[in-house]
Ligand code: GLV
């Protein structure tokens, strides 16, 4: 009996790949750069499942071009690259990899905050450029992190972990979110605030919200104008939540103090972009979840989501479980139940 055909759009850690290889006929994209949309279509059109990355656009046209497709398993917690309503309408299950990357991402967001506040990248450059002559009373003075105010834009899983880290540094933590978490206010000492109050009061503003039509350019020229002149913005969520042009201007004109960005719009950002060369800005290449352990767990979850979808079952980490009831019924079963 034939194995299900799947396209895996990049090399992912072996812990997940070996599971997929055991049960599926795998077409693995081995290039360093992602397949173009056209190549993605070409490789997926005869597939029963796809393991996608956040760089792959999975839209209605893609789904219509892949008549056998039952499941899209995204190797990421974010899923703004996938049109979920279109998948649900077509009876295609979609999975993602939440949970396992929460603490790893929060660790990284906090590391970005610390690095910029205490000017660590500038210190490294200083030594590398052989500028270090003596101990200097005024040398590379930064901002204190302890007892400062952290403003969280979004209090999902990663936001909560960021708050925990901040509490360890005796920070006051404000958060703004669609949902109020009175339980966490009481247990962790968090303060609920309006978006504007977070902008006005925080020394550090860390973004932890998904990218949606509502959050695109949430941090705009207007938002920057409300922040403290010394405010530092941290983004480990999605680039387009911040208006890059407005941020560049805000940093160039001293409207805010700095930005530490794991994600940026566009990605990749070229080295000649002004943000890359500002001392008060850190840009790193979307690596907040990139620890060996976490990426391996993400690969395993992606593999188990894929296999469940190929079986037509609810995914362990599914985004549209309601699609189980409407799975493409007309499909011939081309492979043995896994
Ligand atoms: C990474 O950005 C992810 O969404 O997992």
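Readers should treat all values here as calculations from the given coordinates under stated rules, not as data from a laboratory. Keep in mind that what you see is a predicted model, and the values were worked out from it rather than measured. Backbone-built Cβ (ideal geometry, glycine too); neighbour counts: all protein chains shown.
Descriptive notes on the structure:
- Between helix 102-117 and the chain there is an angle of about 30 degrees, using the helix long axis and the longest principal axis of the Cα atoms.
- Segment residue 2-residue 287, length gained on full extension (0.36 nm per residue, minus Cα span): 98.9 nm
- The chain, helix-only ellipticity at 222 nm - DSSP H runs n ≥ 4, -39,500 (n - 2.57), divided by all residues, nearest 500: -9500 deg cm²/dmol
- Burial order of peptide ranges 281-290, 121-130 (average beta-carbon count within 10 Å, highest first): 281-290, 121-130
- Nearest 10 degrees, 0 to 90: helix 14-23 Cα axis against the chain principal axis: 10
- Multiplying the residue separation of residue 125 and residue 147 by 0.36 nm and removing their Cα-Cα distance gives an extension gain of 5.1 nm.
- Straightening the chain between residue 314 and residue 296 buys 4.3 nm, computed as 0.36 nm per residue apart minus the Cα-Cα spacing.
- Cα pair distances exceeding 24 angstrom across region 186-336, given as percent: 50
- The packing ranking, built from the mean of other Cβ atoms within 10 Å per residue, places the peptides 80-92, 202-214, 233-245 in the order 233-245, 202-214, 80-92, highest first.
- Enclosed volume per residue, in Å³, of the convex hull spanned by Cα atoms of region 98-190: 110
- FRET efficiency, 1/(1 + (r/R0)^6) with R0 25 Å, evaluated for residue 28 and residue 59 via beta carbons: 0.65
- If you model region 102-283 as an ellipsoid using its alpha carbon gyration tensor, with each semi-axis the square root of five times an eigenvalue, the axes come out at 26, 20, 14 Å, biggest first.
- Each residue, residue 273 and residue 89, gets one label point 7 Å from its Cα in the Cβ direction; the gap between the two is 3.2 nm.
- Helix 292-310 and the longest principal axis of the Cα set of the chain meet at an angle near 30°.
- For region 1-102, the pair-distance distribution built from all alpha carbon pairs, in bins 10 Å wide starting at 0, is 16, 52, 30, 2 percent.
- Both radii come from the Cα set of the chain: Rg as radius of gyration, Rh as Kirkwood radius; their ratio Rg/Rh reads 1.03.
- Note on residue 38 and residue 169: the model spin-label points, each 7 Å out from Cα along the C-beta direction, lie 4.8 nm apart.
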